[in-house]
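The structure under discussion appears below in the form of structure tokens.
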């Protein structure tokens, strides 16, 4: 269906994205590709992702592929060729994402009632059916990067359809003539993202969470994460050689930089890890640490499968269904970071090193915050003290001594 575009507006609410194409895993340099309905890779996207994979971490290729798949579906819906797109298509896509529901392969089941609501236990909002502002910003960044590649190659449009907003300043006002021109300003159609507070699990809730885990494997990975503050993907990549039992250290590969780093973990975490490995059996040095508890036949016999991020999410889904919560694996990283930031024996630089932040300002902006519950408790104590003081009877106030009384005590004062 073609939507006619006049000079002013397009009927956003009438647009439905088609189920066009898919993202598929591929062999070779580019690990993920956008495939059209005929099973053929989309050539402009493939060439961009090949260049992107050479310049960036391969782990980001998948998210960029999905962002471009959404963009290609949008171009199909509005009947515009990819090299003829303008800022109007980007503007309307942002407007559409702000009011549309996500495309789902399967409808919601148990989470239908809680979608978009606030959890009564954790005070966290459940994910809704719409697109979050961060998703919209990521989409804009992906599309702009895609067209920057093709403009530089000379085969795309002359102007990037994702414009920058330079209000209040002249572009390149302080440009050094010896350096190349670079883009300035923020993306014009980026929605604002409210600053979120780190999500900490209180100590009393932590006991409930840990008690709801059903296996030593789950207890080991949760205890390990809440002590070393690693990301979920970093923990899932652990191998046997990454465990230093004598010093109680684990070696992770940082998500952003890919650098290897040893992190200290608690003795309790290594106890649970030892119990889990005793059940698993002999672990080879270059073998993955985390495996599924059930054995499946994938054509090579009945055997355990390496634990994926979806399997880890399933662990938290079972716990959340039991406790009525909505905890995630990332909440453990926040909990560990906040505990360390409040310890007087640790400096902010120590916390930054453990978390793997490049800039110290990232650590301070996120984790140097007052605990809301503690602030409320202190203010409540302050108000209670004021109320107690108000109930006490007034104390007599001395009005001063009379001159005649002073004369009796000290004799007549000189005039």
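Every number in this text was worked out from the coordinates using simple rules, so none of it is lab data. None of the values given here were measured: they were computed from a predicted structure. In this analysis, Cβ positions are derived from the backbone assuming ideal geometry, glycine residues included, and neighbour counts consider all displayed protein chains.
Some notes on this structure:
- Nearest 10 degrees, 0 to 90: helix 61-78 Cα axis against the chain principal axis: 70 degrees
- Between residue 29 and residue 323, full extension at 0.36 nm per residue minus the direct alpha carbon distance yields a gain of 101.5 nm.
- Nearest 10 degrees, 0 to 90: helix 267-280 Cα axis against the chain principal axis: 30 degrees
- Using alpha-carbon coordinates, inclination of helix 133-153 to the longest axis of the chain, degrees: 50 degrees
- The alpha carbons of the stretch 203-367 occupy a box of 51, 37, 27 Å along the principal axes, longest dimension given first.
- If you sort the three axes of the alpha carbon gyration tensor as a ≥ b ≥ c, you get a/c of 1.5 or more for the stretch 1-155 and a/b no higher than b/c, which makes it oblate.
- Taking the fewest neighbouring Cβ atoms within 10 Å as the starting point, the ordered list for 159, 151 is 159, 151.
- Residue order, fewest to most surrounding Cβ atoms within 10 angstrom, among 253, 228: 253, 228
- Footprinting exposure proxy for 325, 353, 114 (fewest neighbouring C-beta atoms within 10 Å first): 353, 114, 325
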